[in-house]
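Student: One structure coming up, written as structure tokens, with questions to follow.
The values are calculated or read from the model by the stated rules, or taken from the named source; none is laboratory data. Quantities reported herein were computed from a predicted structural model and do not represent experimental measurements. Using ideal geometry, Cβ is built from the backbone for each residue, glycine included, and neighbour counts are taken over all protein chains shown.
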Amino acid sequence: MKLADLDIIVTSPPAPGWGGRYWILVKVTTDTGITGWGECYASTVGPEAMTHVIRDVFERHMAGSNPEDIELMFRRVYSSGFTQRPDLTVMGAWSGLEIACWDILGKDRERPVHALIGGKVNDRIRAYTYLYPTRASHTLPDFWVNSAMAAESAADMVAKGYTAVKFDPAGPYTIRSGHMPSMRDISRSVEFCAAIRDAVGDRADLLFGTHGQFSTGGAIRMGAAIAPYDPLWYEEPIPPDTPEELARVSAAVTIPVATGERLTTRGEFMAALRAGVSILQPALGRSGGIWESKKIATLAEAFNAQMAPHLYAGPLEWAANVQLAAAIPNILMAETIETDFHSALIGGTLRVEGGYIPVPDGPGLGVEVNEALARAHPFTGDGLHLQAQEAPVSYHEENIFEGGAPSKSE
């Protein structure tokens, strides 16, 4: 069996667009007619340019190879052009293609992916969700800075069975280096923590999200301010390019630090572990794929740390996250995004039940892709999957971070 053909679909979720402006889905077919699906979580270049990168990685390093040769193909990609260091764009391309290889192998053997990477340790995976509007009164953009609305959304999610909810009221991430939060941003963050904790009590954990927007001092100040509400984690408090500063934050705050959405391959995650991070959040469409993330999980286990795969993408990355989570002993939880489009794209074959994701036992990733639906929603914009604000944060006006949901007017 050899990898023979590649197709790439860039699909755009309908408004409001939870999960990003677009998702890059890859369809890989073998010379025996088996099709595997994957998803590339990469956004440093636009989707048109990214399709050329994906195709180059496939044709240069994978076409004609046996899909079993995961380690060999990874070494080719990782070493391409005399690099042997992480490259977010190239590893994003590889990650989605690697996921597709595992889908192929599972289908060929009529076994789920988790059975091929060590076997099932967990029958179901604890799910968590970002707080999105749940009621007609939750209008945008007011929702993102209104603690009462956030508390209502949290209560609604807990009523559905979720035992952890994530929110980010601390202002936007920008193209600039880490900044000191304004007092208004700190006060609003405390207000959100208080309101949500009051709404959910001890029925759910609070996950305090940021997007690496703070300076070291700013991150420490924010961590101290929200600590009385006992968040389960403090997510990516500073930019990802200074792990030695992350160590200073980890040592100074009492909240467990989590990070990983913007990291790729085990070397970067090892640096995070050495910096005192206790919860790793790989996005499997960027981190190196399923096999590399299994190695990352093993590193985490050696540091007595846990895994919480990140998701701000489509349901194929989610499916890969769940297969990995099923096969590791140090899984904490996995992010979910419940929209009709996410569900329809995989025919409802992956879902959340009472706050947990049942691990599918179907072959491969265990999902069925609605290819026609994916093609019926092409991306026609010119933005990136996510975009940082160019203007600096304000110390006079309200800073509004729109929950990662890009405006469809952009």
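Student: If a residue has to be touching a residue at least 40 places away in the same chain (Cβ under 8 Å) and either outside the structural domain of Pro309 (by TED's automatic domain parsing) or surrounded by fewer than 21 Cβ atoms within 10 Å (Cβ to Cβ) (or both) to count, how many in the stretch 233-249 make the cut?
Tutor: Final tally of qualifying residues: 1.
Student: Could I ask something else about it? Does any residue of the stretch 154-172 turn out to be buried (at least 19 other Cβ atoms within 10 Å of the Cβ), over 20 Å from the mean Cα position of the chain (by Cα) and under 30 Å from Val369 (Cα atoms)?
Tutor: Yes, because at least one residue in the stretch 154-172 is buried (at least 19 other Cβ atoms within 10 Å of the Cβ), over 20 Å from the mean Cα position of the chain (by Cα) and under 30 Å from Val369 (Cα atoms).
Student: I would also like to ask the following. Only one of (1) under 21 Å from Ser293 (Cβ atoms); (2) touching a Gly at 6+ places or on another chain (Cβ under 9 Å) is not met by Pro13, so which one is it?
Tutor: Unmet condition: (1).
Student: Now for a separate question. Among (1) crowded, with 24+ Cβ neighbours inside 10 Å; (2) aliphatic (A, V, I, L, M); (3) under 24 Å from Met307 (Cβ atoms), which single condition is Ala227 missing?
Tutor: (1)
Student: Still on this structure, I have one more. Return the residues of the stretch 154-171 that are more than 19 Å from Ala225 (Cβ to Cβ), in contact with a strand residue (DSSP E or B) (Cβ under 6 Å, 6 or more places away or on another chain) and in a loop (DSSP other than H, G, I, E, B); say none if nothing qualifies.
Tutor: Correct list: Tyr162 only.
Student: Quick one: is Ile196 under 24 Å from the mean Cα position of the chain (by Cα), of a type in the set (Val, Ile, Thr), closer than 26 Å to Gly217 by Cα and in the same structural domain as Ile255 (by TED's automatic domain parsing)?
Tutor: The answer is yes for Ile196.
Student: Would you please name the residue that is farthest from Ala164 (Cα to Cα), looking only at residues in the stretch 222-232 that are touching a strand residue (DSSP E or B) at 6+ places or on another chain (Cβ under 8 Å) and without any contact (Cβ under 8 Å) to a residue 60 or more places away in the chain?
Tutor: Per the criteria, the residue is Met222.
Student: If I filter the stretch 377-392 for residues that are touching a Leu at 6+ places or on another chain (Cβ under 7 Å) and on the phi < 0 side of the Ramachandran plot, do I get at least one hit?
Tutor: No, there is no match, as no residue in the stretch 377-392 is touching a Leu at 6+ places or on another chain (Cβ under 7 Å) and on the phi < 0 side of the Ramachandran plot.
Student: Further question on the same structure: State all residues of the stretch 47-93 that are within 17 Å of Phe379 (Cβ to Cβ), in contact with a Phe, Trp or Tyr (Cβ under 7 Å, 6 or more places away or on another chain) and exposed (fewer than 13 other Cβ atoms within 10 Å of the Cβ); if no residue qualifies, say none.
Tutor: none
Student: A follow-up question, please. Considering only strands (runs of 3 or more DSSP E) fully contained in the stretch 172-280, which possess at least 3 residues that are under 25 Å from Lys295 (Cα atoms)?
Tutor: It comes to 233-235, 257-259.
Student: Considering only residues that are buried (at least 24 other Cβ atoms within 10 Å of the Cβ) and within 26 Å of Tyr132 (Cα to Cα), which ones fall in the stretch 21-37?
Tutor: Across the stretch 21-37, the qualifying residues are Tyr22, Trp23, Ile24, Leu25.
Student: Of the conditions (1) of a type outside the set (D, E, K, R); (2) crowded, with 21+ Cβ neighbours inside 10 Å; (3) within 19 Å of Thr336 (Cα to Cα), Gln213 fails just one. Which one is it?
Tutor: Single failed check for Gln213: (3).
Student: A further question on this structure: Mind telling me which of the residues Thr265, Thr259 ends up being within 18 Å of the chain's Cα centre (by Cα), among the polar types (S, T, N, Q), assigned by TED's automatic domain parsing to the domain that holds Pro309 and closer than 27 Å to Tyr132 by Cβ?
Tutor: It is Thr259.
Student: Out of (1) in contact with a Leu (Cβ under 9 Å, 6 or more places away or on another chain); (2) surrounded by fewer than 19 Cβ atoms within 10 Å (Cβ to Cβ); (3) over 23 Å from Arg266 (Cβ atoms); (4) of a type in the set (Val, Ile, Thr), what's the single condition that is false for Thr44?
Tutor: It is condition (3) that Thr44 fails.
Student: Please enumerate the residues belonging to the stretch 114-153 that are in a helix (DSSP H, G or I), surrounded by 18 or more Cβ atoms within 10 Å (Cβ to Cβ) and among the hydrophobic types (A, V, I, L, M, F, W, C).
Tutor: Listed by number, the residues that qualify are Leu116, Phe143, Trp144, Val145, Met149, Ala150, Ala151.
Student: Another question, if that's okay. Answer yes if at least one residue in the stretch 282-301 is part of a loop (DSSP other than H, G, I, E, B), farther than 23 Å from Thr336 by Cα and in contact with a helix residue (DSSP H, G or I) (Cβ under 8 Å, 6 or more places away or on another chain), and no otherwise.
Tutor: There is no residue in the stretch 282-301 that is part of a loop (DSSP other than H, G, I, E, B), farther than 23 Å from Thr336 by Cα and in contact with a helix residue (DSSP H, G or I) (Cβ under 8 Å, 6 or more places away or on another chain).
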